[in-house]
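Peer 1: Before I ask anything, here is the structure I am working with.
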Amino acid sequence: MLIEKSPFVHIFSSSGVVCLYHSLYVTNIYGSHLLAELFGSLRFPQTIEQAARRLCKNESCIRPESLYYINLLLKHGFLRYTDSQEESHLLSNLQQQAQYSDPRFLYLVPTSACNLRCKYCHIIDTWAAYGHHHMSLETAEAGINKFMEHSSTSCQREIMFYGGEPLLAPEVVKHAVSYIRKVDNTCRITMFTNGTNITPDIAKWMADNDVFVIVSMDGPAEVHNQMRCHADGHGGFEDTARGYDICKKAGCRLGISMVLGRHNIPGLKSAVEYLINRFEPVDLGFSTLHLHKNGENPAMVDVPLLTHEMIDTFKFIREKGVYAEHLFRRIRPFVEQQIRLKDCPSCGGKFLVAPDSSIGFCEAFLGTGRYYYPLDSFDLSNDGYNEWKGIAPIRRDECLRCPAIAICGGGCPYDAWVQHGNINNLDTIRCQQANILLEWLVWDLFEQIKGEINDPWDIIVPEPAQRQMIYSKIAVNNKSLPLQGYSTYGESN
Ligand code: SF4
Ligand code: SF4
């Protein structure tokens, strides 16, 4: 029988160590230069004996180490028999999974108005044409009904209040929450807020109704206020921090969402350290900036710098045991060896109901006139829904040879649309992020397991339990964390 190398294997090397990484099985094997030489020499199918002889540099007898080596690579899928169907079966299974329809998140936008004018906000950019609308109570109920009708009861439903600033329409929020509790008391509810309009009454009401509160904060006052300003230009930090403290006193569960840009990068780690010490959030979220319609966002920073700052910050927070949404969407697939089929839940998993009684999937498209439909007549046969649902790198030929296919999930379709005029194209910004992060994960795993390659025939295959060392003190599968469904959305079975 003939063997060949798998086309899903990618070679990394650093400081004399070579790592083979299988991008579909999400497995790593570490060894010496022999690994790279073997893969370089396997340009066409050959027998195990031929390959072993090459590994022994054509010595007249085959060393037992070389047979062991090749059989180990076969066992873990880095090499394969030419008639093996295992990878193609896995690939077609993943491609089918990526097309399942599973709405489970609803973004409800009680108002498109916001009292802040954050300088990097892509929503201000796209929503300018949309104007300011408050949602009616009837639309809130109709949106919740539509979501309940089409979402699966087999998974945890989550409803997020989003804006604009949702707490500028407290009567809509309160009505919607009591309606949600009436129709599905198990539904998780999250409030995304800039925190500036929180009163003791609202905070108590959110605590009483088990609403998880996520407050947008980008760092200490001097960092936050560079971007997050009121309409008259003065910074919003003081009002936001006051709102956060009121919620904490009322007993709310609280998280912080940070937007990363030139105001907190470089310096992300110290901004995060400040927020953790001062506010003690249950979790953190890192959002990377989206492009404005003209293809730029002046607050964006260089992608390698941004990604390395996120990595340095992750190394810090994992020792503190603090969970960070967004980063974990990439890290968990590598650790758990499960492919992330989708990154953005709008690709089949999320509806957004807007104040004007339209329904769509992505907040950034609201105001562009694209991908929003009348709520009354919407159902899962909608063309736009089916276009979004089909977006997944595993279904794109150009992605199949990418090392980062297991961890990227395809990035942001809106940014792909700004860059290429098509939501089902590459978001090249997040492609670069994913590839930098993958390379770091490959070598962080080696460091965590204290790997050493001293002899050319040394070879290390990390055990699944060892991969968990990347999490350090973070209880990553803690179901009580907010947005757990959101964070794990798109992972393969
Ligand atoms: S496509 Fe997804 S990630 Fe991108 S802006 Fe829209 S909702 Fe956010
Ligand atoms: S990182 Fe980019 S090229 Fe690679 S799989 Fe993801 S979307 Fe495709």
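The values are calculated or read from the model by the stated rules, or taken from the named source; none is laboratory data. Remember, it's a predicted structure, so these values are computed and weren't measured experimentally. We place every Cβ from the backbone using ideal geometry, glycine too, and count neighbours over all the protein chains shown. Note: areas computed on protein heavy atoms with side chains; ligands, DNA, RNA excluded. Shrake-Rupley method; radii C 1.70, N 1.55, O 1.52, S 1.80 Å.
Peer 1: Go through region 361-373 and report how many residues are open to solvent by less than 10 Å² (accessible area, probe 1.4 Å) and either within 20 Å of the chain's Cα centre (by Cα) or within 16 Å of ligand 2 (Cβ to nearest atom) (or both).
Peer 2: 3
Peer 1: Looking at region 338-354, can you tell me whether even one residue there is open to solvent by 10 Å² or more (accessible area, probe 1.4 Å) and away from ligand 2 (no atom under 16 Å from the Cβ)?
Peer 2: No, that holds for no residue.
Peer 1: While we're on this one: Does at least one position in region 110-125 carry a residue that is open to solvent by 50 Å² or more (accessible area, probe 1.4 Å), out of contact with any strand residue (DSSP E or B) (no Cβ under 9 Å at 6 or more places or on another chain) and under 23 Å from LEU291 (Cα atoms)?
Peer 2: Restricting attention to region 110-125, the residues satisfying the condition of being open to solvent by 50 Å² or more (accessible area, probe 1.4 Å) are 117, 119, 124.
From what's left, out of contact with any strand residue (DSSP E or B) (no Cβ under 9 Å at 6 or more places or on another chain): 124.
Keeping just the survivors that are under 23 Å from LEU291 (Cα atoms) gives 124.
So far as region 110-125 goes, yes, one or more of its residues are open to solvent by 50 Å² or more (accessible area, probe 1.4 Å), out of contact with any strand residue (DSSP E or B) (no Cβ under 9 Å at 6 or more places or on another chain) and under 23 Å from LEU291 (Cα atoms).
Peer 1: Out of region 340-369, which residues are more than 15 Å from HIS290 (Cβ to Cβ) and more than 11 Å from ligand 1 (Cβ to nearest atom)?
Peer 2: ARG340, LEU341, GLY348, PHE351, VAL353, ALA354, PRO355, ASP356, SER357, SER358, ILE359, GLY369
Peer 1: I've got another one for you. Quick one: is GLY411 within 13 Å of ligand 1 (Cβ to nearest atom), part of a loop (DSSP other than H, G, I, E, B), open to solvent by less than 10 Å² (accessible area, probe 1.4 Å) and in contact with an Asp or Glu (Cβ under 6 Å, 6 or more places away or on another chain)?
Peer 2: Working: within 13 Å of ligand 1 (Cβ to nearest atom): yes; part of a loop (DSSP other than H, G, I, E, B): yes; open to solvent by less than 10 Å² (accessible area, probe 1.4 Å): yes; in contact with an Asp or Glu (Cβ under 6 Å, 6 or more places away or on another chain): yes.
It is true that GLY411 is within 13 Å of ligand 1 (Cβ to nearest atom), part of a loop (DSSP other than H, G, I, E, B), open to solvent by less than 10 Å² (accessible area, probe 1.4 Å) and in contact with an Asp or Glu (Cβ under 6 Å, 6 or more places away or on another chain).
Peer 1: So for region 456-465 (the condition being touching a His at 6+ places or on another chain (Cβ under 9 Å) and either part of a loop (DSSP other than H, G, I, E, B) or open to solvent by less than 50 Å² (accessible area, probe 1.4 Å) (or both)), does at least one residue qualify?
Peer 2: If we filter region 456-465 for residues that are touching a His at 6+ places or on another chain (Cβ under 9 Å), which is where we start, we get 456, 461.
With either part of a loop (DSSP other than H, G, I, E, B) or open to solvent by less than 50 Å² (accessible area, probe 1.4 Å) (or both) added as a condition, the list becomes 456, 461.
Yes: one or more hits.
Peer 1: Under the condition of being part of a helix (DSSP H, G or I) and within 12 Å of ligand 1 (Cβ to nearest atom), which residue from region 420-447 is surrounded by the fewest Cβ atoms within 10 Å (Cβ to Cβ)?
Peer 2: In the first step, residues of region 420-447 are kept if they are part of a helix (DSSP H, G or I); the result is 420, 428-447.
After this cut, where a residue has to be within 12 Å of ligand 1 (Cβ to nearest atom) as well, the list is 429-430.
Numbers: ILE429: 20, ARG430: 24.
Applying the filter and picking the extreme gives ILE429.
Peer 1: Right, here's the next one. Is there a residue in region 168-180 that is modelled with pLDDT of 95 or more, open to solvent by less than 30 Å² (accessible area, probe 1.4 Å), within 23 Å of PHE378 (Cα to Cα) and out of contact with any helix residue (DSSP H, G or I) (no Cβ under 7 Å at 6 or more places or on another chain)?
Peer 2: Within region 168-180 (the criterion being modelled with pLDDT of 95 or more, open to solvent by less than 30 Å² (accessible area, probe 1.4 Å), within 23 Å of PHE378 (Cα to Cα) and out of contact with any helix residue (DSSP H, G or I) (no Cβ under 7 Å at 6 or more places or on another chain)), the answer is yes, since at least one residue qualifies.
Peer 1: Turning to a different aspect of this structure: Which pairs turn up if I take residues in region 58-82 that are without any contact (Cβ under 8 Å) to a residue 60 or more places away in the chain and look for partners that are among the acidic types (Asp, Glu) and part of a helix (DSSP H, G or I) with beta carbon separation below 8 Å, at least 6 apart in sequence or on another chain?
Peer 2: ILE62/GLU49
Peer 1: Further question: Could you say which residue among SER13, SER66, SER60 is outside the structural domain of GLY131 (by TED's automatic domain parsing), touching a Leu at 6+ places or on another chain (Cβ under 6 Å) and not basic (Lys, Arg)? Write out each step before concluding.
Peer 2: Details: SER13 fails: touching a Leu at 6+ places or on another chain (Cβ under 6 Å); SER60 fails: touching a Leu at 6+ places or on another chain (Cβ under 6 Å).
Going through SER13, SER66, SER60 in turn, just one is outside the structural domain of GLY131 (by TED's automatic domain parsing), touching a Leu at 6+ places or on another chain (Cβ under 6 Å) and not basic (Lys, Arg): SER66.
Peer 1: Now for a separate question. Among the residues of region 205-247, which ones are acidic (Asp, Glu) and either part of a loop (DSSP other than H, G, I, E, B) or touching a Cys at 6+ places or on another chain (Cβ under 7 Å) (or both)? Talk me through it step by step, then tell me what you get.
Peer 2: The initial filter retains those residues of region 205-247 that are acidic (Asp, Glu), namely 208, 210, 218, 222, 232, 238-239, 245.
Within region 205-247, ASP210, ASP218, ASP232 meet the criteria.
Peer 1: For region 395-408, name all the residues that are assigned to a helix (DSSP H, G or I) and either open to solvent by 10 Å² or more (accessible area, probe 1.4 Å) or without any contact (Cβ under 8 Å) to a residue 60 or more places away in the chain (or both). Steps first, please.
Peer 2: Restricting attention to region 395-408, the residues satisfying the condition of being assigned to a helix (DSSP H, G or I) are 395, 397-400, 405-408.
Passing the criteria: ARG395, ASP397, GLU398, CYS399, LEU400, CYS408.
Peer 1: On to the next question. If I filter region 386-394 for residues that are assigned to a loop (DSSP other than H, G, I, E, B), within 16 Å of ligand 1 (Cβ to nearest atom), open to solvent by 20 Å² or more (accessible area, probe 1.4 Å) and out of contact with any Cys (no Cβ under 7 Å at 6 or more places or on another chain), do I get at least one hit? Outline the logic, then answer.
Peer 2: Let us first name the residues in region 386-394 that are assigned to a loop (DSSP other than H, G, I, E, B), namely 390-392.
This time we only want the ones that are within 16 Å of ligand 1 (Cβ to nearest atom), so: 390-392.
Those still in the list that are open to solvent by 20 Å² or more (accessible area, probe 1.4 Å) too: none.
No: region 386-394 contains no residue that is assigned to a loop (DSSP other than H, G, I, E, B), within 16 Å of ligand 1 (Cβ to nearest atom), open to solvent by 20 Å² or more (accessible area, probe 1.4 Å) and out of contact with any Cys (no Cβ under 7 Å at 6 or more places or on another chain).
Peer 1: Still on this structure, I have one more. Report yes if some residue within region 19-30 is aliphatic (A, V, I, L, M) and on the phi > 0 side of the Ramachandran plot; otherwise report no. Walk me through how you get there before you give the answer.
Peer 2: Going residue by residue through region 19-30, those that are aliphatic (A, V, I, L, M) are 20, 24, 26, 29.
Still in the list and also on the phi > 0 side of the Ramachandran plot: 26.
Looking for residues that are aliphatic (A, V, I, L, M) and on the phi > 0 side of the Ramachandran plot, one finds at least one in region 19-30, hence yes.
Peer 1: Please go through region 14-55 and give me each residue that is surrounded by 20 or more Cβ atoms within 10 Å (Cβ to Cβ), in a loop (DSSP other than H, G, I, E, B) and among the hydroxyl-bearing types (Ser, Thr, Tyr), ordered by number.
Peer 2: Within region 14-55, just SER23 meets the criteria.
Peer 1: Only one of these is more than 28 Å from GLY143 (Cβ to Cβ) and not hydrophobic (A, V, I, L, M, F, W, C): PRO266, PRO345. Name it.
Peer 2: Working: PRO345 fails: more than 28 Å from GLY143 (Cβ to Cβ).
None of the others qualify; the one that does is PRO266.
Peer 1: Moving to a separate point now. Quick one: ASP376 ticks every box in (1) open to solvent by 60 Å² or more (accessible area, probe 1.4 Å); (2) within 9 Å of ligand 2 (Cβ to nearest atom); (3) part of a loop (DSSP other than H, G, I, E, B) except a single one, so which number is it?
Peer 2: Single failed check for ASP376: (2).
Peer 1: Is one or more of the residues making up region 283-293 β-branched (Val, Ile, Thr), within 27 Å of ALA475 (Cα to Cα) and either under 22 Å from the mean Cα position of the chain (by Cα) or open to solvent by less than 40 Å² (accessible area, probe 1.4 Å) (or both)? Talk me through it step by step, then tell me what you get.
Peer 2: To start, the set of residues in region 283-293 that are β-branched (Val, Ile, Thr) comprises 288.
Okay, now just the ones that are also within 27 Å of ALA475 (Cα to Cα), so 288.
Right, trim to either under 22 Å from the mean Cα position of the chain (by Cα) or open to solvent by less than 40 Å² (accessible area, probe 1.4 Å) (or both) and you get 288.
Yes, region 283-293 has at least one match.
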